[in-house]
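Undergrad: Quick one: this structure, given as structure tokens, is what I'll be asking you about.
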Amino acid sequence: MGRSRQVRVHLVPQFVDPGQLAQATAVVIDVLRATTTIVYALAGGCRQVLPVAEVEEARRLADSLPAGKALLGGERGGLPVPGFDVGNSPAEYTPARCRDMTLVLTTTNGTRAIERAAAAERLLIAAFVNFSAVCEQLRRDPRPLHIVCAGSDGEVTLDDTLLAGALVDFLCEETDCELNDAARLAWDCFENHGQVLPAALELSKGGTQLAAIGLASDIKLAAEIDRFAIVPELKRDPPRLEVGAVGIVKRHWHK
Ligand code: MLT
């Protein structure tokens, strides 16, 4: 029998020790909304996404790019940052706006989770909108896997945990996996809530916050499974997210 696959879930980024990631693949999840938005931006034609933790750093980086080629996007408190070109709503990332642009993106939790996981040998971005494409990549990847949920200000969130559980379900239903307890919890979460996806996202902390600021339509966009067939992947020097793989061999969502 082959060796079992190591699959670890970290329900908030603070639970990951970057030292664990050196020879591993990390998948970063922020369903509402950073990783969903990154998929939209690259699918919409952005050449690359530069994830940045702080607002001022994002402004400086965008200013250093060739004129007319930078899109400065993100949120604080869920709302667009004053002076930015775009917020963090997936719907804003249209092909007309994105084509050939470099998106400099800063969000409260998502871009920080990416920064935290950047020590991984390979880093992929997952959302429901590219679920099966991510599954295909992970199926072929022999490295230990760390699924890093962005959570919300240090709190565990239902939306990210649910997607982490869906990935665990895909990877471990038929293959022998060595799981941590958070992976088991996430798997249970998927078993319980996977069938009622948009409603579960509405219930989550991020979902209720988005509804409160009039952005409930973003939840529906984030819940659309397999809308896109791309997997954003972190490239180095400078750190940037680009389309790393394209193509869904098979739809893997089974709820
Ligand atoms: C985040 O990174 O915290 C989220 O994407 C928040 C949001 O979209 O409002």
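Undergrad: Restricting attention to the stretch 178-213, report how many residues are assigned to a helix (DSSP H, G or I) and polar (S, T, N, Q). Before the answer, list the steps.
TA: If we filter the stretch 178-213 for residues that are assigned to a helix (DSSP H, G or I), which is where we start, we get 181-203, 205-212.
Cutting the leftovers down to polar (S, T, N, Q) gives us 192, 195, 208-209.
Here the count works out to 4.
Undergrad: A further question follows. Output the number of the condition that residue 236 fails; it satisfies all remaining conditions of (1) away from the ligand (no atom under 16 Å from the Cβ); (2) in contact (Cβ under 8 Å) with a residue 12 or more places away in the chain; (3) under 23 Å from residue 41 (Cα atoms).
TA: (2)
Undergrad: I'd like to know if the stretch 155-166 contains one or more residues that are touching a Leu at 6+ places or on another chain (Cβ under 7 Å), outside any helix (DSSP H, G or I) and within 16 Å of the ligand (Cβ to nearest atom).
TA: Going residue by residue through the stretch 155-166, those that are touching a Leu at 6+ places or on another chain (Cβ under 7 Å) are 156, 158-159, 161.
Checking the rest, the ones that are also outside any helix (DSSP H, G or I) come to 156.
When the remaining residues are screened for being within 16 Å of the ligand (Cβ to nearest atom), the result is 156.
Within the stretch 155-166, one or more residues are touching a Leu at 6+ places or on another chain (Cβ under 7 Å), outside any helix (DSSP H, G or I) and within 16 Å of the ligand (Cβ to nearest atom).
Undergrad: Which of (1) small (Gly, Ala, Ser); (2) in contact (Cβ under 8 Å) with a residue 60 or more places away in the chain; (3) more than 29 Å from residue 45 (Cα to Cα) is the odd one out, the single condition residue 200 does not satisfy?
TA: Looking at each condition in turn, residue 200 falls short on (2).
Undergrad: Output the number of residues of the stretch 123-134 satisfying the condition of being aromatic (Phe, Trp, Tyr) and crowded, with 24+ Cβ neighbours inside 10 Å.
TA: Of the residues in the stretch 123-134, the ones aromatic (Phe, Trp, Tyr) are 128, 131.
Subset that is crowded, with 24+ Cβ neighbours inside 10 Å: 128.
Total satisfying the criteria: 1.
Undergrad: Could you tell me which residue of the stretch 54-83 is farthest from the ligand (Cβ to nearest atom), considering only residues that are farther than 15 Å from residue 97 by Cα and among the charged types (D, E, K, R)?
TA: Applying the filter and picking the extreme gives 63.
Rule-based calculations on the coordinates, nothing more; no lab input. Computed from a prediction, not measured in an experiment: that's the story for all the values here. Here Cβ is always computed from backbone atoms with ideal geometry, including for glycine, and neighbour counts include all displayed protein chains.
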